[in-house]
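The block underneath contains the structure these notes are about, expressed in structure tokens.
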Amino acid sequence: EDSTKSDGIKAALKDFTELSLEESFVTFRGSCYKPLIGIPTGGCDSRQIADIFLHWLMFTKMKDHISQWSSIQLFKRFIDDCFIIWKGLKHQFSLFVSNLNAVAENFGIRFGSWEIGKSVNFLDLTLYLDDQNKVQYKIYTKPTDARNYLRTDSFHPTHVFRSVAFSQMLRVVSRNSQDDTRFEDMEQLKKDLKRSGHELGQLENLEPLVYRRYVAPEEDSFVPNTTPEALVFPVNYMREIPELRKLLKEIERVVQPVLGDTRIRVATRKGTSIGNRVIRNSAIGKAPVRLLNQETQKCTGSGCKCCKHM
């Protein structure tokens, strides 16, 4: 239902959408190309446009014209991926898809491959019926997935590597409804993370924290700080610094609704050679995995907060 009352908002959305589509282009081997049909892949609003269009197509143009729609017990969609619980026979569902395509082809859309059975893949999940005919789920990994993660011999702060491992382990725990598949996926993940440079002992110590977060997320929930946060931009010294600070002070009121109670600050560096620091850090980043720790990352940079030594 269209609840937008202002014609100005509708006109602005239409104009900005047309501008986004008309000005989109891609580069390939040094040349620029402009798409002639469809919406640009990876565009800033492509996902929203596709979502709105498919919703309009399926529920405005199709639903009332396809009799088999009443056999759908549950319908979920993420852009062009659909999950349906169908009350009927397999050949009836095949006829339903054919009728969908008969209507959709007038709009340049075709619903292609589909799966039906007691086990189907939807996004990053495999949903299946167990022996008691209850819906269970486990992680689905595409055969082309190389299972590569951020290597620990890359030049990143230590907490980044820990966060990668923690988030991936939490994903395994939350996307498995059964203990046996959860255990198998967790063991496979630890092997993949170890191949990327993570120490197995650290992963074993991290695993109980992951389960605690999953069971009782409120214990680790974020509590907002009553002290205003500071958003600091390090810049090289220049004569226009006072004018820059004045400008940032003026736009704080615009930033606060987005970032909360945040103060924008400028940290000047006078006479600093950023080039030397980049070269030195690049050399550190090439250190072997076993040597890349908080000690070897120490660059003695003034004001740096990448690790506890800096």
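The values are calculated or read from the model by the stated rules, or taken from the named source; none is laboratory data. Computed from a prediction, not measured in an experiment: that's the story for all the values here. Don't worry about glycine lacking a Cβ; one is built from the backbone with ideal geometry, like all the others, and counts go over all protein chains shown. Surface areas here come from the heavy atoms of the whole protein model, side chains and all, with no ligands, DNA or RNA. Shrake-Rupley method; radii C 1.70, N 1.55, O 1.52, S 1.80 Å.
Here residue 69 fulfils each of the conditions (1) farther than 26 Å from residue 120 by Cβ; (2) modelled with pLDDT under 85 apart from (1).
The residues of segment 104-141 that are closer than 17 Å to residue 173 by Cβ and of a type outside the set (A, V, I, L, M), listed by number, are 124, 126, 136, 137, 138, 140, 141. Looking across segment 163-182, the residues that are under 17 Å from residue 147 (Cα atoms) and either open to solvent by 40 Å² or more (accessible area, probe 1.4 Å) or touching a residue at least 60 places away in the same chain (Cβ under 8 Å) (or both) come down to 163, 167, 168, 170, 171, 175. The requirement of being in a loop (DSSP other than H, G, I, E, B), in contact with a Cys (Cβ under 6 Å, 6 or more places away or on another chain), surrounded by 11 or more Cβ atoms within 10 Å (Cβ to Cβ) and at pLDDT below 90 is fulfilled somewhere in segment 150-159, by at least one residue. With respect to residue 115, determine if the residue is closer than 30 Å to residue 176 by Cα, modelled with pLDDT under 85, surrounded by fewer than 10 Cβ atoms within 10 Å (Cβ to Cβ) and out of contact with any His (no Cβ under 6 Å at 6 or more places or on another chain). Spelling it out, residue 115 is indeed closer than 30 Å to residue 176 by Cα, modelled with pLDDT under 85, surrounded by fewer than 10 Cβ atoms within 10 Å (Cβ to Cβ) and out of contact with any His (no Cβ under 6 Å at 6 or more places or on another chain). Please determine whether any residue of segment 36-44 is assigned to a strand (DSSP E or B) and on the phi < 0 side of the Ramachandran plot. So far as segment 36-44 goes, no, none of its residues is assigned to a strand (DSSP E or B) and on the phi < 0 side of the Ramachandran plot.
Considering only segment 35-52, state which residues are farther than 17 Å from residue 23 by Cα and touching a residue at least 12 places away in the same chain (Cβ under 8 Å). Passing the criteria: 50, 51.
Taken as a whole, the structure leaves residue 203 outside the set of residues that are touching a Lys or Arg at 6+ places or on another chain (Cβ under 8 Å), hydrophobic (A, V, I, L, M, F, W, C), under 30 Å from residue 121 (Cβ atoms) and open to solvent by 40 Å² or more (accessible area, probe 1.4 Å).
Of all residues in segment 95-108, those that are closer than 16 Å to residue 80 by Cα and open to solvent by 50 Å² or more (accessible area, probe 1.4 Å) have Cβ atoms under 9 Å from Cβ atoms of residues that are assigned to a helix (DSSP H, G or I) and not hydroxyl-bearing (Ser, Thr, Tyr), 6 or more apart or on another chain, in 107/53; 107/57; 107/61. Scanning for something over 24 Å from residue 86 (Cβ atoms), without any contact (Cβ under 8 Å) to a residue 60 or more places away in the chain and among the hydrophobic types (A, V, I, L, M, F, W, C), does segment 190-202 turn up at least one residue? Scanning segment 190-202, I find at least one residue that is over 24 Å from residue 86 (Cβ atoms), without any contact (Cβ under 8 Å) to a residue 60 or more places away in the chain and among the hydrophobic types (A, V, I, L, M, F, W, C), so the answer is yes. I'm trying to understand the selection: among the residues of segment 129-149, which are more than 30 Å from residue 201 (Cβ to Cβ), out of contact with any Asp or Glu (no Cβ under 6 Å at 6 or more places or on another chain) and in a strand (DSSP E or B)? 129, 135, 137, listed by residue number. For segment 166-216, the set of residues classified as in contact with a strand residue (DSSP E or B) (Cβ under 7 Å, 6 or more places away or on another chain) and part of a helix (DSSP H, G or I) consists of 172, 181, 185, listed by residue number. Checked against (1) touching a Lys or Arg at 6+ places or on another chain (Cβ under 8 Å); (2) at pLDDT below 90; (3) aliphatic (A, V, I, L, M), residue 170 meets all criteria but (2). Which residues, taken from segment 94-137, are within 29 Å of the chain's Cα centre (by Cα) and of a type in the set (Asp, Glu)? 115, 124 - these are the residues of segment 94-137 that are within 29 Å of the chain's Cα centre (by Cα) and of a type in the set (Asp, Glu).
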